[in-house]
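The structure appears below as structure tokens.
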Ligand code: XMP
């Protein structure tokens, strides 16, 4: 039997009861697989790795070693949430690495989007492998592989979430959610007690805010992306759009334009707002944001975010635009 194929008899996990049964079964399977060995996990704070972390904590407690690498391209408050949920609330064995300087130094001056992605991906593996080499007694690596990743890796694989074990990391894999679809992973996550905001969060690309700070990333423009994104998310939550819109974020392109503030001319960036709906990310439509909210967002972003003098709203569906800008 190929254990990468979901049996036809497997029931779709849609309720807490079904999730609880799945959790119980996986806890046993994990305990049997890893015995009293240690397991390593790169915990990004995304849905899949968070659910895997919570499952393994339940199964083997402190024998799970979580490594959270902050590449400096995370959204505002994300590393803090990972530390709060996993270290403070779940008492996990969590190593936090702030690798911001290392990533941003490597990315300095790099304009090409694919080159940026490559640097971020490679640097991530290097940081993680360095950390792994400091730890003794690790035989297993847990991964948040889900069923669509397995299905996609058989077909045409895009540049997203390219799986597989990084070179130099020779571990046996622990992949407890590999036969689940995303909606099932979320139901399991809630049953494990993870916060709703973590389990139902919008998709976020691996290279993070790096693909929304168009062109060569600079620290000040990256902060403008991060701060404007935080305002957008706060306002969407307040206005009941969170959970209703598939993906929403801000982008800061690398050009400036003339503006005026306190009677003086300014030379500052625009912030672009993007909010899209889609089923499978292959095509996307535009979410109609209420005009009053757009005006309020413009007011807040232009006044609260340093280096910004305009706000633009992107009306482009996919195609012709992709969801992200790079
Ligand atoms: P595009 O921009 O291609 O995005 O329309 C489709 C979906 O994929 C996400 N995305 C990525 N996810 N690594 C990821 O893990 C990436 O490099 C990447 N690029 C785009 C994007 O956020 C959207 O949900």
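Values in this text are rule-based calculations from the coordinates and carry no lab data. Small disclaimer: the values here were computed from a predicted structure and weren't measured. All Cβ positions, glycine included, derive from the backbone under ideal geometry; neighbour counts span all protein chains shown.
Beta-bridge orientation, the chain: approximately 35 percent antiparallel, per DSSP, counting only bridges with both partners inside. Here r is the Cβ-Cβ distance between residue 260 and residue 98 and R0 is 41 Å; the resulting FRET efficiency, rounded to 0.05, is 0.60.
With each label modelled as a point 7 angstrom along the Cα→C-beta vector, the residue 151-residue 173 pair spans 1.7 nm.
Each 10 Å bin from 0 upward holds the following percent of the Cα-Cα pairs of segment 1-122: 11, 33, 30, 20, 7, 0. Here the scattering of segment 212-313 is modelled by Debye summation over its C-alpha atoms, one equal scatterer each and no solvent; at q = 0.10, 0.17 Å⁻¹ the log10 of I(q)/I(0) is -0.28, -0.77.
Of the three principal axes defined by the Cα atoms of segment 16-199, the extents in descending order read 51, 37, 33 Å. Among 233-239, 131-137, sorting by the average number of other beta carbon atoms lying within 10 angstrom of each residue, highest first, gives 233-239, 131-137. If you fit an axis through the alpha-carbon atoms of helix 113-134 and take the longest principal axis of the Cα set of the chain, what angle between them do you get, 0 to 90°, nearest 10? Approximately 40 degrees, to the nearest ten. Computed from Cα positions, the angle between helix 16-34 and the longest principal axis of the chain comes to roughly 60 degrees. For the chain, the 222 nm mean residue ellipticity estimated from helices alone, with every DSSP H stretch of n ≥ 4 adding -39500 (n - 2.57) and the total spread over all residues, rounds to -12000 deg cm²/dmol. Full extension of the chain between residue 230 and residue 87 yields a length gain of 49.1 nm, computed as 0.36 nm times the residue separation minus the alpha carbon distance. Under the simplified labelling scheme, the residue 80-residue 12 pair shows an inter-label distance of 3.8 nm, with each label point 7 Å from Cα along Cα→Cβ.
How much length is gained if the chain between residue 33 and residue 219 is pulled fully straight, taking 0.36 nm per residue apart and subtracting their Cα-Cα distance, in nm to one decimal? Can you show the working numbers first?
Details: separation 186, 0.36 × 186 = 66.96 nm, distance 4.40 nm.
Here the answer is 62.6 nm.
Compared with the dominant principal axis of the Cα atoms in the chain, helix 219-238 is inclined by about 80°. Legend: Rg and Dmax of the chain, from Cα coordinates, 20.8, 73 Å.
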